[in-house]
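The values are calculated or read from the model by the stated rules, or taken from the named source; none is laboratory data. If you're wondering where the values come from, they're calculated on a predicted model, not measured in any experiment. FYI the Cβ positions are ideal-geometry reconstructions off the backbone, even for glycines, and counts take in every protein chain you see.
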């Protein structure tokens, strides 16, 4: 079965441009110097000195000439979009202070930070997506599942740009393309990120986000979006596809004859027809409709979250708009908003895309850079306040508070304790921290609690036990059972016997059966035996037996008949 919980995250490389006040001055600060000053200004309010991790769980550091901001571990695409916009907001806020410190050190000038993917010299830098996903499916594993994963992803990622591209003023021969990264992609698949860039990158196969049957899917093909809607759609639709892949649901894959050529052709003309391996030729829109309809069927059968329901509505509307009038996406998709404003600029200057003079083209390139300026003078920042999807109140919360239901919460709260109370802490890795000279491992990115947290964990978790997400309620219940506190009996009895979700009841009952505390929990388990759901009743019987024997095991329900064996599935993906 596909994952019911997933991690979404982004690593964005921001371009740093410093313009001296005295154009004749030869002295300019190194990028690493600017990043260090930016970090110094950020941690004054949002972090700790000499620590690259911030209170909201993010990481900010210098990386090969760029400022790199890594988002905290997020549970949903919407949450990732919020923290991505928050990164832009926080960096924008510290630009004036950074300029002051630079001036004090002899560097008078203006600092521009751009969130884009290519500079005027033709150098590219990335916005890397990270997803927690299964390493192997139930009926398909190893190289066979990896091949299936790649085959399913490539047509989708190649065409996703029609709503997730950022747009770029390219050259007088090819004035505009909808994806900034497309021209720099060289291969369908590779294991490197700085050379031989690929549509599907496998360079992080040995760096899983969690132990066990998990992989870190690391994608480098996408653009860095300013639009929160585009970030949400980019991550959210990919997350839905990953669910389908993990359940081996994707069939009749529209395999492209030349994916890289198709990626670049679509970027230059979204209506272009690209050839498939089976001899057909279809558009990017056709391919996206194929995935949309497949997702619609899948979610109808397997169920969907509220966010997935909203995503499907937005995805379908976006495809309808591309079909009728692509620029009607201008209030959502970066490339469409940019193209619309550029069209107005050309109209006001009595020019058009087919007759660009060198001076007008140079002006368009300068305008393009200003669009990506995350400062207050940026064209995007002036056009959408604060964003196409993310609200100011959400940014204000995310600036100082980590995501509440991943390990980022633990990291952020320990850093906050150190900032407020002076406790000794050192955080250098995503999965580890040192607090009061003790090393703690944070192996599961979806765990958001820990007994060592310097807070009233009982108060927080008892309030959160009514969370709308049943997966979060189940995790909280398991943690509370592990505390073995008699004061929690009444609360946990309510969860085990009355929670509206049968999976929450089953997980809670299973944890009670593994607790080893017969005296405290046996009566609750007995009250679970009349549950209306047969699987819950079966789990309660197992838990009582387990508790009486003092075992700590995982129940194994009867195996269901499988409709297809592995060989049949391999034939399908071939």
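To keep it simple, each residue is scored yes or no on (1) assigned to a helix (DSSP H, G or I); (2) over 28 Å from residue 395 (Cα atoms); (3) in contact with a helix residue (DSSP H, G or I) (Cβ under 7 Å, 6 or more places away or on another chain).
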| site | (1), (2), (3) |
| --- | --- |
| 208 | no, yes, no |
| 211 | no, yes, no |
| 222 | no, no, yes |
| 229 | yes, no, no |
| 235 | yes, no, yes |
| 244 | yes, yes, yes |
| 248 | no, yes, yes |
Checklist entry - Residues 140, 149: which one is part of a loop (DSSP other than H, G, I, E, B), over 30 Å from residue 19 (Cβ atoms) and touching a helix residue (DSSP H, G or I) at 6+ places or on another chain (Cβ under 6 Å)? => result 140
Item to check | Residues (over 37 Å from the mean Cα position of the chain (by Cα), within 19 Å of residue 551 (Cα to Cα) and part of a helix (DSSP H, G or I)) located in segment 489-536 | outcome: 518, 519, 520, 521, 522, 523, 524, 525, 526
Checklist entry - Name the helices (runs of 4 or more DSSP H) wholly within segment 302-416 that hold at least 3 residues that are under 23 Å from residue 12 (Cα atoms)? => result 334-348, 358-372, 379-383, 392-400
Checklist entry - Given (1) outside any helix (DSSP H, G or I); (2) more than 30 Å from residue 343 (Cα to Cα), where does residue 294 come up short, assuming only one miss? => result (1)
Checklist entry - Quick one: which of 461, 446 is within 28 Å of residue 516 (Cβ to Cβ) and either in a strand (DSSP E or B) or modelled with pLDDT of 90 or more (or both)? => result 446
Next on the checklist: Is it the case, given these coordinates, that residue 364 is more than 23 Å from the chain's Cα centre (by Cα) and outside the structural domain of residue 480 (by TED's automatic domain parsing)?
Outcome noted: yes
Checklist outcome for this item: When (1) more than 27 Å from residue 292 (Cβ to Cβ); (2) touching a residue at least 24 places away in the same chain (Cβ under 8 Å) are applied to residue 147, the one that fails is (1)
Item to check | Flag if residue 95 is in contact with a helix residue (DSSP H, G or I) (Cβ under 6 Å, 6 or more places away or on another chain) and within 15 Å of residue 29 (Cα to Cα) | outcome: no
Item to check | Count of residues meeting criterion [surrounded by fewer than 21 Cβ atoms within 10 Å (Cβ to Cβ) and touching a residue at least 40 places away in the same chain (Cβ under 8 Å)] in segment 327-338 | outcome: 1
Next on the checklist: Any residue at all in segment 427-444 that's under 20 Å from residue 45 (Cα atoms) and not assigned by TED's automatic domain parsing to the domain that holds residue 307?
Outcome noted: yes
